[in-house]
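Taking it in order: structure first as structure tokens, then the write-up.
The values are calculated or read from the model by the stated rules, or taken from the named source; none is laboratory data. Predicted, not measured: the structure shown is a model, and the values here were computed from it. Backbone-built Cβ (ideal geometry, glycine too); neighbour counts: all protein chains shown.
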Amino acid sequence: MTKNLKLSLLAVLIFLGVFGAMVAINATTAGRDATDTAATTSVSASTSTPVTRANSHRLSTAADGKVTFVEFLDFECEACRAAFPVIEQLRKEYAGRVTFVVRYFPIQSHFNAERAARAVEAASKQGGFEAMYQKMYATQEDWGEGKTPADDTFRGFARELGLDLAAYDKAYVDPATLQRVDEDVADGTALGVEGTPTFFLNGQKLTPESADDLRKALDDALDG
């Protein structure tokens, strides 16, 4: 078993438990792809490598820029899919107070992970980043772990989202799109990312074991 697979399986166990806890919390309580032109980079305290760059995809942006939460993710990663609803819940809870950023980190052993990242990046050229990002997790069970190219499947998502297919096709195969994904991977590798999901808060890597750990980290950063 590879190190990345072991890390992913461990993360699956952690975040499946978190997801169950979040469901219970939601049941007992009442109840964009935004770009911050003022934000440039956030640098890790342990390395000069940027944790975020000016072109990093911001799902939510806090006006004061005080707290930035970054996730390196792989759309074919089961642990990332398990974490997805947790992150979405935190985005709601900390809306306007925390900037949420996602960066690509497709794992080489995941056959369609890089293709999925290119599909999401191609969609971003038409303002469809978040819609395609969500689509990938909603459908991961259908195409994940496959050993045949999912290009047609992802193009079907672009059609369903109402994207200009000619523009999507051009962006999907454009070497610059893969380069954009690879830039995130290079930064993640330099920052010590070994598996997904990996989280950073204001440049510091987090090792959460629950949603409450993430909340505490966010609260401490906001209070600090």
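Some observations on this one:
- The C-beta contact set for segment 129-156 (first residue over 23 Å from Pro85 (Cα atoms), second residue among the charged types (D, E, K, R) and surrounded by fewer than 17 Cβ atoms within 10 Å (Cβ to Cβ), distance under 7 angstrom, 6+ apart or interchain) is empty.
- Matching entry among Ala117, Ala158 (being modelled with pLDDT of 95 or more and under 22 Å from Ala54 (Cβ atoms)): Ala117
- None of Arg58, Arg32 is at pLDDT below 95, closer than 30 Å to Asp151 by Cα and not in a helix (DSSP H, G or I) except Arg32.
- Complete set of residues in segment 91-114 that are assigned to a helix (DSSP H, G or I) and buried (at least 20 other Cβ atoms within 10 Å of the Cβ): Ala113, Glu114
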